[in-house]
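The values are calculated or read from the model by the stated rules, or taken from the named source; none is laboratory data. Since we're looking at a predicted model, the values are computed, not measured. Cβ coordinates were reconstructed from backbone atoms using ideal geometry, including for glycine residues, and neighbour counts include every protein chain displayed.
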Amino acid sequence: MPVIPSLTRPTGRLNRATMQHYLDFEKPIADLQARVAELRTTADSGSLNIDGEVKRLEAKSEKMLRDTYERLTPWQKTQVARHPDRPHFKDYVAGFVEDFMPLAGDRGFSDDLAIIGGFGRIHGRRVLVMGHEKGDNTESRLRHNFGMAKPEGYRKAIRLMKLADRFGLPVVTLVDTPGAFPGIQAEERAQAEAIARSTETCLQLKVPIVAAIVGEGGSGGAIALSSANTVLMFEHAIYSVISPEGCASILWRTADKAADAAEAMRISAPELKKLGVIDRVVAEPVGGAHREPDAAIAALGKAISDELGKLAGVSGEKIRLKRRAKFLDMGK
Amino acid sequence: MNWFNNVRNRIPFISKRSTEDTLWHKCRDCNQMVFTKEYEENLSVCPECGFHGRIGPSARFLQLFDDMSWEELPAPKVKEDPLKFRDQKKYVDRLKAARSATGESDAFVNARGQIKGQDAVIGVQDFAFMGGSMGLAVGETFVRGARAAIEAQCPYIVFTASGGARMQEGGLSLMQMPKMTVAVEELREAGLPYIVVLTDPTSGGVMASYAMLGDIQISEPKALLAFTGRRVIENTIREKLPDNFQSAEYLLEHGMLDMIVERSALRDTLAQLIAFLAPSKQAA
């Protein structure tokens with residue numbers, strides 16, 4: 001199998017304790033954890049026995065983390081969904097897709113690395129898996145264009161979906177994009193048409209399609225891959241018709257009201273489940289997927305595998321008609 | 001004084017035509033002032049520069065159907081304000097204002113009639129109603145329009161005009177994109193033509209779904225047609241954009257349209273297309 005540098009998993013997440021990015025609202029937790037680390041160093045030097053104090057503070061910081069994450073506001077969830085340490089496409093693939101074989105290109109213009117896809121197996125079942133890749137350092141973020149696909153990215157997605165359909169492979173998509181790329185070349189090559197056709201292709205498939213909103217589900221750039229039989233969503237992911245900042249700058253006339261916009265648009269997983277926009281919320285480890293990526297990745301792999309299992313053996317025509325009926329009834 | 005005219009125009013016993021604002025029409029493109037009457041007689045196209053002004057469903061039906069007669073399809077009932085949304089104003093209040101300003105229940109209206117003796121269902125999106133934004137009502141009306149066309153075994157012709165999805169309906173408005181795509185599929189399976197006429201302005205999620213899925217893609221001249229708005233692109237890439245960027249002419253040049261048709265020629269063009277594409281029992 002060819003090895004693409006962008007698809008090899010980084011060797012662990014080095015020095016997570018010291019390199020961890022804390023979000024603004026996590027400051028009290030960060031302060032406590034810093035205090036614990038400081039006490040530990042003191043204790044290591046053997047000067048004092050402060051085990052008790054360390055344990056007490058650790059318990060307090062854990063409780064604070066749990067409490068904070070149980071009550072995240074939609075705007076805080078937006079920060080978590082965009083967290084730089086959150087697992088990305090390549091991490092999920094490394095975690096729960098066996099024998100991944102990436103496929104490239106739209107056959108007309110180029111290979112857009114904002115969307116990656118290929119064959120693989122999930123818990124033994126062969127699938128076509130694809131999704132947005134944001135990258136995790138400056139170089140790879142540029143290469144993957146921060147997960148913002150251009151028309152050729154969606155046209156690659158269309159090609160792969162049709163390929164999967166012909167050979168009877170279920171399609172799994174992992175959605176994580178701020179939105180489709182806004183640029184001259186994207187408009188020139190018909191970004192809107194590419195998204196419309198990709199959505200259309202999702203709806204035509206006679207194989208099951210299971211989508212998971214794993215980070216940001218940004219508008220048309222997301223729906224092009226998520227018009228699926230089953231839509232899963234991570235507990236702290238967001239899925240919205242426009243970014244909270246974009247909505248705020250239009251309706252409130254200032255991006256400073258993004259928190260209000262995030263609240264008003266109901267972009268969080270539990271609220272979207274209630275509205276029927278998504279089908280299942282996948283719980284994240286305490287403190288978010290970025291704190292325990294391995295556990296989060298495994299949980300998603302299991303949820304996807306479950307959902308594929310439920311759709312296995314259903315006739316192709318029924319799969320397609322059920323998917324259509326679901327979107328026709330949306331909001332009723 | 002805009003609010004004053006708004007209030008005044010809503011008072012039934014004062015003629016709407018009597019204010020200066022309504023007597024004259026100022027062209028959005030060339031800024032020429034022309035008599036509203038003359039402008040409307042010219043199909044709301046500027047007689048000076050040819051700019052195609054924005055028109056709503058009734059004006060469109062009037063211009064296209066035979067004998068100025070058509071049957072408007074009933075507006076479907078949908079969940080109103082599913083998110084209980086409020087920004088600086090309540091969404092329900094914005095809806096109320098849009099309804100009293102346009103006389104329509106939402107931003108999309110269907111009608112059935114004939115174009116040069118051939119049956120057609122026409123759907124018109126109304127930019128005057130909350131920027132033609134797409135929410136549950138627009139989605140459901142579109143589906144009903146497509147199904148009315150299937151029932152009548154005739155083409156579905158859709159005039160788009162929209163800023164995009166209706167933010168006040170959040171994720172549910174995003175879901176209208178696949179929903180309306182399903183309706184386009186149903187037309188295709190029924191072997192019926194789906195003709196899109198893009199009008200000024202069409203953008204965002206509307207552009208990225210049913211507006212770009214026509215069997216035939218037509219636009220009125222100089223219409224602004226975009227996925228991402230000009231300002232957003234300029235802010236993202238910090239580059240000056242070409243002058244004709246995202247105009248109908250630009251889209252034609254880049255292969256996204258079949259043709260640009262002036263409003264005065266639309267009825268003939270649509271009639272010709274129907275004759276080519278409609279099921280054979282109806283074809284001329």
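Below, the figures for the structure above:
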{"quantity": "Qualifying positions in segment B:152-193 - within 9 Å of another protein chain (Cβ to nearest Cβ) and more than 29 Å from B:GLY53 (Cβ to Cβ)", "calculated": "B:GLY170, B:GLY171, B:LEU172, B:LEU174, B:MET175, B:PRO178, B:LYS179, B:THR181, B:VAL182, B:GLU185, B:GLU186"}
{"quantity": "Among the candidates B:GLU72, B:GLU140, residue that is charged (D, E, K, R) and over 27 Å from A:CYS247 (Cβ atoms)", "calculated": "B:GLU72"}
{"quantity": "Filter pass, B:ARG267 being in the same structural domain as B:PRO155 (by TED's automatic domain parsing), surrounded by fewer than 21 Cβ atoms within 10 Å (Cβ to Cβ), charged (D, E, K, R) and free of Cβ contacts under 8 Å to residues at least 24 places away in the same chain", "calculated": "no"}
{"quantity": "Residues located in segment B:199-232, provided they are part of a helix (DSSP H, G or I) and surrounded by fewer than 21 Cβ atoms within 10 Å (Cβ to Cβ)", "calculated": "B:ARG230, B:ARG231, B:VAL232"}
{"quantity": "Lone unmet requirement of (1) outside any helix (DSSP H, G or I); (2) within 14 Å of another protein chain (Cβ to nearest Cβ) for B:LEU251", "calculated": "(1)"}
{"quantity": "Cross-chain or 6+ apart pairs with Cβ under 6 Å, segment A:91-115 first and farther than 29 Å from A:ALA299 by Cα, then not acidic (Asp, Glu)", "calculated": "A:ASP106/A:ARG155; A:ASP106/A:LYS156; A:ASP111/A:ALA104; A:ASP111/A:GLY105"}
{"quantity": "Identity of the residue in segment A:136-190, in contact (Cβ under 8 Å) with a residue 12 or more places away in the chain and of a type in the set (S, T, N, Q), that ends up farthest from the other protein chains (Cβ to nearest Cβ)", "calculated": "A:SER140"}
{"quantity": "Exclusive hit being under 30 Å from A:GLN191 (Cβ atoms) and either more than 10 Å from chain B (Cβ to nearest Cβ) or surrounded by 17 or more Cβ atoms within 10 Å (Cβ to Cβ) (or both), set A:ALA303, A:ALA237, A:ALA298", "calculated": "A:ALA237"}
{"quantity": "Residues that are part of a helix (DSSP H, G or I) and not β-branched (Val, Ile, Thr), drawn from segment B:174-192", "calculated": "B:LEU174, B:GLN176, B:MET177, B:PRO178, B:LYS179, B:MET180, B:ALA183, B:GLU185, B:GLU186, B:LEU187, B:ARG188, B:GLU189"}
{"quantity": "Failed condition for B:LYS222, given (1) without any contact (Cβ under 8 Å) to a residue 12 or more places away in the chain; (2) under 24 Å from B:PRO47 (Cα atoms); (3) basic (Lys, Arg)", "calculated": "(1)"}
{"quantity": "Qualifying residue in segment B:153-164 (condition: in a helix (DSSP H, G or I) and among the hydrophobic types (A, V, I, L, M, F, W, C))", "calculated": "no"}
{"quantity": "Number of the exception - B:VAL196 against (1) away from chain A (no Cβ under 12 Å); (2) in a strand (DSSP E or B)", "calculated": "(1)"}
{"quantity": "Index of the failed condition, A:GLU98 passing every other in (1) surrounded by 14 or more Cβ atoms within 10 Å (Cβ to Cβ); (2) under 30 Å from A:GLY124 (Cβ atoms)", "calculated": "(1)"}
{"quantity": "Some residue of segment B:186-193 being crowded, with 16+ Cβ neighbours inside 10 Å and in contact with a strand residue (DSSP E or B) (Cβ under 6 Å, 6 or more places away or on another chain)", "calculated": "yes"}
{"quantity": "In segment A:260-282, the residues that are over 18 Å from B:ARG86 (Cα atoms) and facing chain B (nearest Cβ under 7 Å)", "calculated": "A:VAL277"}
{"quantity": "Any pair with Cβ under 9 angstrom, 6 or more apart, that starts in segment A:194-211 at a residue that is within 12 Å of chain B (Cβ to nearest Cβ) and ends at one that is outside any helix (DSSP H, G or I) and modelled with pLDDT under 95", "calculated": "A:ILE195/B:PHE227"}
{"quantity": "Restricting segment A:169-203 to residues that are among the polar types (S, T, N, Q) and not in a helix (DSSP H, G or I), the residue that is nearest to A:PRO102 (Cα to Cα)", "calculated": "A:THR173"}
{"quantity": "Which listed residue, of A:LYS332, A:LYS322, is charged (D, E, K, R) and modelled with pLDDT under 95", "calculated": "A:LYS332"}
{"quantity": "Counted residues, segment A:111-168 - those being more than 20 Å from A:ASP99 (Cα to Cα) and not in a helix (DSSP H, G or I)", "calculated": "11"}
{"quantity": "Subset of segment B:233-253 (residues that are of a type outside the set (D, E, K, R) and either under 18 Å from B:ARG60 (Cα atoms) or surrounded by 13 or more Cβ atoms within 10 Å (Cβ to Cβ) (or both))", "calculated": "B:ILE233, B:THR236, B:ILE237, B:LEU241, B:PHE245, B:GLN246, B:SER247, B:ALA248, B:TYR250, B:LEU251, B:LEU252"}
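Quick grid of which residues meet (1) of a type in the set (Asp, Glu); (2) farther than 18 Å from B:MET177 by Cα; (3) over 20 Å from the mean Cα position of the chain (by Cα):
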position: A:ALA255; (1), (2), (3): no, yes, yes
position: A:ASP260; (1), (2), (3): yes, yes, yes
position: A:ALA269; (1), (2), (3): no, yes, no
position: A:VAL277; (1), (2), (3): no, no, no
position: A:PRO285; (1), (2), (3): no, yes, no
position: A:ALA299; (1), (2), (3): no, yes, no
position: A:ASP306; (1), (2), (3): yes, yes, no
position: A:LYS310; (1), (2), (3): no, yes, yes
position: A:ILE319; (1), (2), (3): no, yes, yes
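Let's see how each residue does on (1) closer than 26 Å to A:HIS236 by Cα; (2) in contact with a His (Cβ under 9 Å, 6 or more places away or on another chain); (3) assigned by TED's automatic domain parsing to the domain that holds A:ARG291; (4) at pLDDT below 95:
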site	(1), (2), (3), (4)
A:HIS88	yes, yes, yes, no
A:VAL93	yes, no, yes, no
A:ASP99	no, no, yes, no
A:LEU103	no, no, yes, no
A:GLY117	yes, no, yes, no
A:ILE122	yes, no, yes, no
A:GLY135	yes, yes, yes, no
A:ALA149	yes, yes, yes, no
A:GLU152	no, no, yes, no
